[in-house]
1. Identify, from the list B:D15, B:D38, the residue that is under 17 Å from the mean Cα position of the chain (by Cα), away from every other protein chain (no Cβ under 14 Å) and not β-branched (V, I, T).
2. Just one of A:E336, A:E331 is in contact with a Ser or Thr (Cβ under 8 Å, 6 or more places away or on another chain), within 14 Å of chain B (Cβ to nearest Cβ) and either touching a residue at least 24 places away in the same chain (Cβ under 8 Å) or under 30 Å from B:I57 (Cβ atoms) (or both); which is it?
3. Of the residues in region A:150-170, how many are closer than 19 Å to A:S73 by Cβ and touching a Ser or Thr at 6+ places or on another chain (Cβ under 8 Å)?
4. Of all residues in region A:230-267 being within 17 Å of the chain's Cα centre (by Cα) and of a type in the set (D, E), which is farthest from A:D279 (Cα to Cα)?
5. Looking at region A:350-357, can you tell me whether even one residue there is over 19 Å from A:R158 (Cα atoms), part of a helix (DSSP H, G or I), touching a residue at least 60 places away in the same chain (Cβ under 8 Å) and not aliphatic (A, V, I, L, M)?
6. Could you run through region A:32-48 and say how many residues are in a strand (DSSP E or B) and either within 14 Å of chain B (Cβ to nearest Cβ) or without any contact (Cβ under 8 Å) to a residue 12 or more places away in the chain (or both)?
7. Any chance region B:42-51 includes a residue that's in contact (Cβ under 8 Å) with a residue 12 or more places away in the chain, surrounded by fewer than 21 Cβ atoms within 10 Å (Cβ to Cβ), part of a helix (DSSP H, G or I) and more than 12 Å from the chain's Cα centre (by Cα)?
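Any read-out appearing in this document is the output of simple, stated calculations on the displayed coordinates, not a laboratory observation. Because the structure is a prediction, the values reported are computed rather than measured. All Cβ positions, even for glycine, are placed from backbone atoms using ideal geometry, and neighbour counts span all protein chains on display.
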Amino acid sequence: MSTGTKRRTMNLNMGPQHPATHGVLRVELELDGEIVVKATPHIGYLHTGIEKTAESKLYYKVIPTTDRMDYLSPMSNNLGYCLAVEKLLGIEVPEKVQYVRVLLTELTRVMSHLVWIGTHAMDIGALTMVLYAFRERETIVDLYEAVSGQRMMSTYFRIGGLAYELPKDFDQKVNVILKRIPEGMKDYERLLNDNKIFRKRTIGVGVISPEDAINCGFTGPCLRGSGVNYDVRKANPYSGYEKFDFDVPLGKNCDTYDRFLVRVEEMRQSLRIAKQALDGLPEGPYRAHVPGVVLPPKEDVLSKMESLIFHFKLITEGFKPPKGAVYQAIEAPKGELGFFISSDGSNKPHRMRVRPPSFVNLSALPKLVEGRLIADVVACIGSIDIVLGEVDR
Amino acid sequence: MEEKLREFFESNFKDALVREDNFRGQQSFYIKREHLVDVCQALQTDTDLEFKFLSDITSLDWLGDLYEKEGRFEVIYNLFSLKHKYRFFVKVRLPEDDPVIDSLTSLWMTANWLEREVNDLMGIEFTGHPDPRKILTPDDLEGHPLRKDFPLTYEVPQFSFNKDEPPEVIL
């Protein structure tokens with residue numbers, strides 16, 4: 001280069017329509033050759049105002065909208081919302097409900113991680129992975145259909161319990177999952193763990209130190225990939241997680257490969273919890289008995305006058321929690337999913353705030369990619385596992 | 001932990017504390033807005049408390065509420081201590097005509113996007129924020145949707161046959 005010429009950088013828009021950005025994320029990259037000098041994520045393309053929508057709905061009518069945030073793990077969102085409202089009302093659910101919720105949310109975690117493992121590996125170049133991962137995911141989607149009648153937007157959890165009784169072949173269906181997925185996982189590990197290309201693309205890429213990870217607000221597998229032991233299920237157990245025996249896998253090298261290993265191990269632990277929940281599944285009602293908040297049994301509605309009145313009043317007017325605000329965090333597949341619900345004493349939420357794990361994790365993307373190659377951006381976006389439906393809400 | 005926090009506020013920030021509140025076992029402290037950064041920095045660096053994790057920033061609009069005279073807006077900082085596995089809230093009430101508060105981006109990188117979101121949706125200004133752009137809503141949207149006085153109206157879509165007519169707003 002002759003003296004006097006200025007070294008110029010190039011601006012490149014990655015997305016919003018780009019297969020590796022997992023939806024409609026736009027990353028504005030300033031490039032010096034192939035090195036990323038500056039990365040600026042732009043979001044909001046999928047903003048649907050779910051928080052505002054909730055303010056004009058009765059409490060129980062908000063549940064279907066929560067499905068649509070993180071659409072790869074709908075039951076986790078349902079659980080977070082239902083637990084928050086139950087906390088606001090101060091009601092307890094039967095033990096059976098807790099077990100079923102734990103079982104289904106753990107399988108949801110496996111389902112979400114299966115989509116992640118498929119798409120992440122596909123972004124990096126292992127194209128066949130997504131086919132294998134979706135093959136196993138299908139078993140869990142079948143279970144969703146069996147319990148709720150829906151394959152994706154299940155809306156199965158209700159405030160104070162579940163929507164319906166479990167189907168008769170529930171045990172059998174869960175057993176199929178518990179058998180099929182470990183077999184599939186052997187395949188994935190054979191394909192990826194020692195795959196030269198996969199290792200080269202992930203080891204040492206997107207390194208973030210534990211202190212920075214905490215400061216950036218990382219949660220979930222991203223934080224644990226950096227070796228920080230924080231799992232909401234262990235730290236502040238909810239829905240009876242203290243009764244289950246499981247380990248929290250931690251990474252050492254704080255890079256993309258460690259986050260991969262953490263998630264794969266997490267799937268194993270989730271299956272372990274699911275097995276314990278299935279084995280110990282107690283008998284009992286599938287809803288709490290809280291008149292005025294939880295619907296009365298259908299047989300009573302059809303035969304008793306009082307139950308019919310309760311049913312009608314609950315559907316038309318809803319219920320009125322006391323004035324106050326609660327925050328309930330759960331360990332969603334992507335990290336700490338928090339629901340902050342403020343009540344002003346009326347039958348609709350005064351304000352519902354969702355603390356989306358993907359949103360906070362994504363805000364640290366520039367920290368992961370700046371100074372690295374443009375090809376690493378794809379690996380980094382994949383490794384923080386974002387769902388734009390949840391980022392934008 | 002509530003005792004420890006009370007002691008912390010009593011000994012270090014006696015004049016910053018307005019009142020405290022406990023609902024369903026969750027503790028919150030209302031403080032004056034001038035002291036926000038000092039309080040948060042002290043909580044973050046305190047070797048015993050170690051509130052190193054800023055979980056969330058959110059805001060409420062108390063328009064038309066009984067307690068509106070305390071300030072229409074409420075900004076809520078959700079702090080978590082990884083050491084004690086304990087969560088509590090720092091709350092600040094802001095008046096309607098001057099919803100401005102200091103930014104926490106110097107302490108936590110998380111605050112960057114969370115404050116941008118509160119600014120975008122609730123219209124609270126954060127002084128000292130390095131990048132105060134809109135984040136979720138389109139650039140041409142005026143107003144802040146999460147405010148209670150944001151009109152919930154429906155606009156008739158503009159087609160070629162009615163593009164010259166003024167948009168009709170259905171209430």
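1. B:D38
2. Only one candidate qualifies: A:E336.
3. Within region A:150-170, residues that are closer than 19 Å to A:S73 by Cβ and touching a Ser or Thr at 6+ places or on another chain (Cβ under 8 Å) number 4.
4. Once the filter is applied, the top-ranked residue is A:D231.
5. yes
6. Total meeting the criteria: 5.
7. Looking for residues that are in contact (Cβ under 8 Å) with a residue 12 or more places away in the chain, surrounded by fewer than 21 Cβ atoms within 10 Å (Cβ to Cβ), part of a helix (DSSP H, G or I) and more than 12 Å from the chain's Cα centre (by Cα), one finds at least one in region B:42-51, hence yes.
Yes/no per residue for (1) away from every other protein chain (no Cβ under 14 Å); (2) out of contact with any strand residue (DSSP E or B) (no Cβ under 7 Å at 6 or more places or on another chain); (3) basic (K, R); (4) farther than 26 Å from A:R180 by Cβ:
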position	(1), (2), (3), (4)
A:L89	no, yes, no, yes
A:K96	yes, yes, yes, no
A:E106	yes, yes, no, no
A:V110	yes, yes, no, no
A:W116	yes, yes, no, no
A:T128	yes, yes, no, no
